[in-house]
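Encoded as structure tokens, the structure appears first; notes follow it.
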Amino acid sequence: MSLQKDASWFVSAELPVIFGELMGYFDSLAPLLHHLEQPLALLSSVDIGSETIPLSSTLKDDHVKGYIKMKGSLITRTELTVEINNTAVPIKTVVSIKEEEQNPWKLKQLGYAANYIFLIKQRCQTLSEGGLTNVERAQDEINALLDEIKRCKLQFILPPQDNTPCSYNRNFTCFSPELPPGIFVSFHVKDIKLVLTISCLKSPQDINVKDRFSLPKTAYIDRTIMLNVHWMTDVFDKLTLLQNKIQEISQKISVFSVPLAHKCLAAEKVI
């Protein structure tokens, strides 16, 4: 009986206090959430600003130089000088996203991650308000929370499934002036880095294909540059810390749940 009382006390009294303290983690996740109006209203006021990422890359006779301006899940401005020679038609052009036109490139992975963080915050908020008395129910809630954190972290690690030139079409309108024929530029997230990919057609014949978006990925030569984004690394680290804290809570609850389960089985055998 004492074990059941201890378990009930931990779940109903101690758990809300622990999750109340964990709520402080979400202010530090603001850089990813700022562009979502609903979550932003629930966060304390934070001036996020933008991160400008300079880059310069040379591979054989290919050169890329310039900068990328990033804010949350949006690439709001880009100025890149691109010179690619080992392709169907040598390319020398400027790739530009102009901030004043307010037509940014949207990184879907970070949008998904922001939605997961919002769900994680809601669940933590609910647990901090108390109301749970059942150990099994508390364990289920915490398992669901750990699963959401895992899914959120994967958005920073794995590339998007539709990472092909034809998928870039959705964001093409953000480039001003338009990209010349034979070149595609895209951005995505992988291994907690921003990835810039410049894809150029291999064959001169493909330049004249009407629907170039229908061409397979093998029709292109890719030049890939991986860039560190400081706030993105910070958000991922904060998620890992939160994950570790919640795993510790899960382990504490399991101390109660295993003996209680044995007691229930013993009672069933007696009956």
* Could you check residue 156 against (1) of a type in the set (A, V, I, L, M, F, W, C); (2) at pLDDT below 90; (3) under 23 Å from residue 55 (Cα atoms) and say which number it fails? => (2)
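For the structure I just gave you, tell me whether residue 79 is open to solvent by 20 Å² or more (accessible area, probe 1.4 Å) and within 21 Å of residue 180 (Cβ to Cβ).
Numbers: open to solvent by 20 Å² or more (accessible area, probe 1.4 Å): yes; within 21 Å of residue 180 (Cβ to Cβ): yes.
Here the answer is yes, as residue 79 does meet what is asked.
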* Asked: Which one of these is open to solvent by 30 Å² or more (accessible area, probe 1.4 Å) and either in contact with an Asp or Glu (Cβ under 7 Å, 6 or more places away or on another chain) or modelled with pLDDT of 95 or more (or both): 140, 147?
  -> 147
* Asked: Looking at this structure, is residue 255 at pLDDT 85 or above and either open to solvent by less than 80 Å² (accessible area, probe 1.4 Å) or part of a helix (DSSP H, G or I) (or both)?
  -> no
* Every residue from the range 65-116 that is among the basic types (Lys, Arg) and either modelled with pLDDT of 80 or more or not in a strand (DSSP E or B) (or both) -> 65, 69, 77, 98, 106, 108
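The values are calculated or read from the model by the stated rules, or taken from the named source; none is laboratory data. For clarity, every value in this text was computed on a predicted model and none was experimentally measured. Glycine also receives a Cβ, built like all others from the backbone with ideal geometry; neighbour counts cover every protein chain displayed. These accessible areas exclude ligands, DNA and RNA; they are computed on the full protein's heavy atoms, side chains included. Shrake-Rupley method; radii C 1.70, N 1.55, O 1.52, S 1.80 Å.
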